[in-house]
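J.: One structure follows; several queries about it will come next.
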Amino acid sequence: MKKSMIILLTLVATSMNAQENKLVPQISVSGEGKVKVTPDQVVINLGVQNTGKDAAEVKKMNDETVDKVVKYIKKFGIPTSDFQTTNVSLYKSYDYEKKKHNFQASQSITITLKDIKKYDELMMGLVDTGINNITGVEFKSSKIEEHKVTARKQAVLDAKKKAEDFATALNQKVGKAILITDNSQPMYQPPMYRNVMMKAEAMDAIPETLAIGEIEIITNVNVSFLLE
């Protein structure tokens, strides 16, 4: 009797495992969503640099120019939350050709300009304050999160369309989504660099136009659907 019960329980367990391991008809596809956005903000990286024989004198020259830069930025109406010092340095270097030591002082400032139309006006004013180094210009959008949402929705709809194309060819239908995986890479918009050391006689050479281009937001997903 006990042996019969053991055999019966074994058969039931085997049957249950077979049902659990039964393959569920499904289809897995990838989808992509892409949104192109015109930037409405610009991040400007600029700096002041001076070189001389005396460390204190070089630092003083640099500090005086930076003071003018900061005052101009405030006068331009840019809030303190949108600009900051990103680097300060003072070091001694050796000129092997002239065989003498020099001191170099520099300070970098990053500005976020939220009205991109004022770019040229801002840059002309900054040049007049004495900046002599522009290291980078990066374009951004104030509505980037909204556009990311749109890209995600497009990616899922693209995946569903692909799944329906495959299913139709097999005379089947696409059911509920059972798994969604986001394969998107962190969005990175390469900055437009203008690594320029400007001289006084070249101040008027700043261009009056700005090629801002577009920011491309891309979302990639994998979606698994049931097949009916």
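J.: Looking only at the stretch 107-116, decide whether some residue is assigned by TED's automatic domain parsing to the domain that holds D54, within 27 Å of the chain's Cα centre (by Cα) and over 30 Å from T38 (Cβ atoms).
T.: yes
J.: Return only the number of the condition from (1) surrounded by fewer than 17 Cβ atoms within 10 Å (Cβ to Cβ); (2) not assigned by TED's automatic domain parsing to the domain that holds N45 that G136 does not satisfy.
T.: Of everything listed in (1) surrounded by fewer than 17 Cβ atoms within 10 Å (Cβ to Cβ); (2) not assigned by TED's automatic domain parsing to the domain that holds N45, G136 misses just condition (2).
J.: Could I ask something else about it? What number of residues within the stretch 141-150 are in a helix (DSSP H, G or I) and either in the same structural domain as Q107 (by TED's automatic domain parsing) or of a type outside the set (S, T, N, Q) (or both)?
T.: Total meeting the criteria: 6.
The values are calculated or read from the model by the stated rules, or taken from the named source; none is laboratory data. Everything numeric here is computed off the predicted structure, so don't read it as measured data. All Cβ positions, glycine included, derive from the backbone under ideal geometry; neighbour counts span all protein chains shown.
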